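As structure tokens, the structure follows; a few thoughts come after it.
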Amino acid sequence: MAVKLGDHGGDDLAESADINVTPFIDVMLVLLIIFMVAAPLSTVDIKLDLPASTARPEPRPDKPIYLSIKKDNSLYLGNDPVQLEQIPTELDTLTGGDRQKPVFIRGDAAMEYGRMVEVMDTLRAAGYLRIGLVGLEAAGK
């Protein structure tokens with residue numbers, strides 16, 4: 001509770017019913033900083049060691065479709081695990097049958113090259129010909 005000092009025609013102090021919002025603002029600012037620091041950390045979906053590239057990066061589409069290959073050769077469509085045989089039907093569900101939408105393959109640097117070829121052959125056989133490979137930008141050039 002706050003006390004208001006002022007001239008009220010007497011020596012007595014009049015109480016004010018105003019709420020002190022300073023502690024509330026302090027708590028909100030601390031929460032804002034915590035969320036600002038934590039938000040970029042929550043975007044990592046699947047832990048991969050992506051290889052680096054010196055090519056000019058292309059603009060990212062609004063809703064990209066990622067097909068991830070981990071170093072143990074497990075496959076993920078978005079964040080969900082998927083088998084190689086299920087990829088065409090799952091992609092048809094995601095894209096609504098639009099085979100012109102690009103599919104971005106994110107492969108771990110330690111994965112088997114043969115697995116990448118199997119995945120790309122499966123995509124090509126299903127009619128998905130717009131395939132992009134995702135990597136990290138190399139420092140320097």
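Does region 37-44 include one or more residues that are modelled with pLDDT under 55 and either under 31 Å from the mean Cα position of the chain (by Cα) or over 30 Å from Pro64 (Cα atoms) (or both)? Yes, region 37-44 contains at least one residue that is modelled with pLDDT under 55 and either under 31 Å from the mean Cα position of the chain (by Cα) or over 30 Å from Pro64 (Cα atoms) (or both). When restricted to residues that are under 14 Å from Leu67 (Cα atoms) and touching a residue at least 60 places away in the same chain (Cβ under 8 Å), region 107-122 contains 1.
Residues considered: Asp62, Asp98. Of these, the only one that is loosely packed, with under 10 Cβ neighbours inside 10 Å and outside any strand (DSSP E or B) is Asp62.
Does Ala125 satisfy the criteria of being over 18 Å from Glu137 (Cα atoms) and either touching a residue at least 24 places away in the same chain (Cβ under 8 Å) or β-branched (Val, Ile, Thr) (or both)? So Ala125 fits the description; yes.
Within the option set Val21, Val103, being among the hydrophobic types (A, V, I, L, M, F, W, C) and at pLDDT below 90 holds for one residue only, Val21. Kindly establish whether Asn73 is touching a helix residue (DSSP H, G or I) at 6+ places or on another chain (Cβ under 9 Å) and either modelled with pLDDT of 90 or more or not in a helix (DSSP H, G or I) (or both). Taking the combined requirement at face value, the residue satisfies it.
The values are calculated or read from the model by the stated rules, or taken from the named source; none is laboratory data. Keep in mind the model is a prediction, meaning the values are calculated, not measured. We place every Cβ from the backbone using ideal geometry, glycine too, and count neighbours over all the protein chains shown.
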